[in-house]
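Trainee: Have a look at the structure that comes next, please.
The values are calculated or read from the model by the stated rules, or taken from the named source; none is laboratory data. All values reported here derive from a predicted model rather than from experimental measurement. As a convention, Cβ positions derive from the backbone with ideal geometry for all residues, glycine included, and neighbour counts pool all protein chains shown.
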Amino acid sequence: MIIAPGDPLSPEGLALIEGSEQALREFYTAEESFAYSPEELTAPGVIFYIARDAQDTPLGCVASVDMGDYVEIKRLFVTPPAQGTGLGRALMARLEKDAQADGHTLMRLETGDLLVAACTLYERMGYRRRGPFADYLDVPTSTFMEKRL
């Protein structure tokens, strides 16, 4: 498995982001989703990672957003064939390692309350629930979490 920065506007990046959108639409309306667009994922301070297998097939993605005093995690997605393989954990571990190497000590995220597998992964990796941060609204469909590195 290779996890490396990639281009969210590449065909592979766009396909992974569309897969993420489809997964979110199973649970939430567009108004209930706070996901970054592909264009937002190219902004300064954002690193978009793509995970690929040995055959160079893209299997997942995640993004980190440098918010100054913390790093926000966005767009964690693992394709259905790769779910249950530990890829989500590997993507998160890569983000944490890179954030720590850049001097960051705090990670934050917003996820959906119905995304049980994601919430379970985050909790197992040491993330704890907290209230809204930044410009997020306190809505019942959102779960906010953070982890000190």
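Trainee: Filter segment 105-117 down to residues that are touching a residue at least 40 places away in the same chain (Cβ under 8 Å) and in contact with a helix residue (DSSP H, G or I) (Cβ under 9 Å, 6 or more places away or on another chain) and give me whichever is nearest to residue 35 (Cα to Cα). First the steps, then the outcome.
Mentor: Taking segment 105-117 and keeping what is touching a residue at least 40 places away in the same chain (Cβ under 8 Å), we get 105-108, 110, 112, 114-115.
After this cut, where a residue has to be in contact with a helix residue (DSSP H, G or I) (Cβ under 9 Å, 6 or more places away or on another chain) as well, the list is 105-107, 112, 115.
Values: 105: 23, 106: 20, 107: 17, 112: 11, 115: 14 Å.
Per the stated criteria, the residue is 112.
Trainee: Within segment 126-140, is there a residue that is touching a helix residue (DSSP H, G or I) at 6+ places or on another chain (Cβ under 9 Å), closer than 19 Å to residue 21 by Cα and in a strand (DSSP E or B)?
Mentor: Checked segment 126-140: no residue is touching a helix residue (DSSP H, G or I) at 6+ places or on another chain (Cβ under 9 Å), closer than 19 Å to residue 21 by Cα and in a strand (DSSP E or B).
Condition check ((1) under 17 Å from residue 95 (Cβ atoms); (2) surrounded by fewer than 13 Cβ atoms within 10 Å (Cβ to Cβ)) across all residues:
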site	(1), (2)
23	no, no
29	no, yes
38	no, no
44	no, yes
63	yes, no
66	yes, no
72	yes, no
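Trainee: I'd like the full set of residues that are in a loop (DSSP other than H, G, I, E, B) and touching a residue at least 12 places away in the same chain (Cβ under 8 Å), limited to segment 68-82. Before the answer, list the steps.
Mentor: Going residue by residue through segment 68-82, those that are in a loop (DSSP other than H, G, I, E, B) are 68-70, 79.
If the condition is that a residue be in a loop (DSSP other than H, G, I, E, B) and touching a residue at least 12 places away in the same chain (Cβ under 8 Å), then 69, 70, 79 are the ones that fit.
Trainee: Which members of segment 1-30 meet the condition of being touching a Leu at 6+ places or on another chain (Cβ under 9 Å), closer than 23 Å to residue 56 by Cβ and assigned to a helix (DSSP H, G or I)?
Mentor: 13, 16, 17, 20, 23
Trainee: Can you say whether residue 120 is out of contact with any helix residue (DSSP H, G or I) (no Cβ under 7 Å at 6 or more places or on another chain), at pLDDT 95 or above, β-branched (Val, Ile, Thr) and not in a helix (DSSP H, G or I), as far as the supplied structure shows?
Mentor: Answer is no for this residue.
Trainee: Applying the selection to segment 83-108, what residues are within 22 Å of residue 23 (Cα to Cα) and part of a strand (DSSP E or B)?
Mentor: Listed by number, the list holds a single entry, 108.
Trainee: If you check every pair at least six apart or on different chains, which have Cβ atoms under 6 Å apart with a residue in segment 12-23 that is of a type in the set (Ser, Thr, Tyr) first and a residue that is not in a helix (DSSP H, G or I) second?
Mentor: 20/75; 20/77
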